[in-house]
Amino acid sequence: VAGVSLATNIIAEMLAYDLAPAGLVFAGPCLVGKEIPLERLIKPGTHVAVVFTDDAAAEEVKMYGQEASLSAAADLQLFIDDYYKVAAPFRSLLGKSIAEKRYNDHLSLLRQRKLPSLIVVGNEEKVIDPDYLDSVSLPIWRDRIVKIPGASHLVQVDQPATFNTAVYDF
């Protein structure tokens, strides 16, 4: 099972149930737990709040898209278009559940399930601290987090060939 950004949280939440994949791929992960609270992984000054807002202004979405990806302007417009395809109230309800801390300890779930996990981050990550999982003990494939140069949060968009190779090797 593979996920990017907030989808990594959804995958981690599913681990509390009967999900039994052969492995997990977390790209631009936002995994949280008792030892790594949400506040620690988000970089200050970003426009990540648009992810939890149903009616963000176009300029705010654009700014977040520029932080999340280093790719060309054509990809930025696709990002903006996709942002507005998400039906309300999904984003605001997601934000509310996070504010109320209605989520599991993702790091503990990963350790309990012991599923092989590929974690991929961009070396030029602008949204999430790319090093926040470095000191956390997890069942990570080859005992290392894959850090891809020339990529930010949406590593699969910024460096698709390198990302695809990492997933293929995994």
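Quick rundown of the values:
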read-out: For residue 128, residues with placed amide H under 5 Å, excluding near neighbours; value: 43
read-out: Heavy atoms of residue 35: accessible area, 1.4 Å probe, square angstrom to 10; value: 80 Å²
read-out: Sites matching trypsin sites (Lys or Arg not before Pro) across segment 103-170 that sit in DSSP coil, with at most 11 neighbouring C-beta atoms within 10 Å; value: 114, 144
read-out: In sequence order, calculated HN-Hα J values of segment 84-93 (Karplus, 6.51, -1.76, 1.60; Hz; x Gly/Pro); value: 6, 7, 6, 6, 6, x, 3, 4, 5, 5
read-out: 15 Å beta-carbon shell around residue 8, net charge (K/R +1, D/E -1); value: -3
read-out: Set of aspartates and glutamates with alpha-carbon distance to residue 147 below 20 Å, sequence-local pairs under 8 removed; value: 67, 124, 125, 129, 131, 134, 158, 169
read-out: GNM result for the chain, Cα springs below 10 Å: residue of 15, 70, 78 fluctuating most strongly; value: 78
read-out: Radius ratio Rg over Rh of segment 75-160, counting only Cα atoms, Kirkwood formula for Rh; value: 1.02
read-out: Accessible area of the chain divided out per residue, in Å², using a probe of 1.4 angstrom; value: 52 Å²
read-out: Of 43/85; 34/114; 34/101; 43/101, those spanning more than 22 Å from alpha-carbon to alpha-carbon; value: 43/85
read-out: Segment 16-93: Rg to Rh, with Rh as the Kirkwood radius over Cα pairs; value: 1.02
read-out: Accessible surface of residue 53 - all protein chains present, 1.4 Å probe, nearest 10 Å²; value: 40 Å²
read-out: Local electrostatic count at residue 22 - Lys and Arg +1, Asp and Glu -1, tallied over other residues with Cβ under 13 Å; value: +2
read-out: Enclosed volume per residue, in Å³, of the convex hull spanned by Cα atoms of the chain; value: 113 Å³
read-out: For segment 145-162, Karplus couplings with θ = phi - 60° (6.51, -1.76, 1.60), whole Hz, Gly/Pro x; value: 7, 7, 10, 9, x, x, 9, 10, 5, 8, 4, 6, 8, 6, 9, x, 5, 5
read-out: Cβ-derived FRET efficiency at R0 45 Å, residue 142 paired with residue 81, nearest 0.05; value: 0.80
read-out: Formal net charge of residues neighbouring residue 116 (Cβ-Cβ distance under 14 Å; K, R +1; D, E -1); value: +3
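The values are calculated or read from the model by the stated rules, or taken from the named source; none is laboratory data. Because the structure is predicted, anything quoted here is derived from the model rather than measured. Quick reminder, even Gly has a Cβ in these numbers, built from the backbone with ideal geometry, and neighbours come from all protein chains shown. With ligands, DNA and RNA removed, areas are computed over all heavy atoms of the protein, side chains included. Shrake-Rupley method; radii C 1.70, N 1.55, O 1.52, S 1.80 Å.
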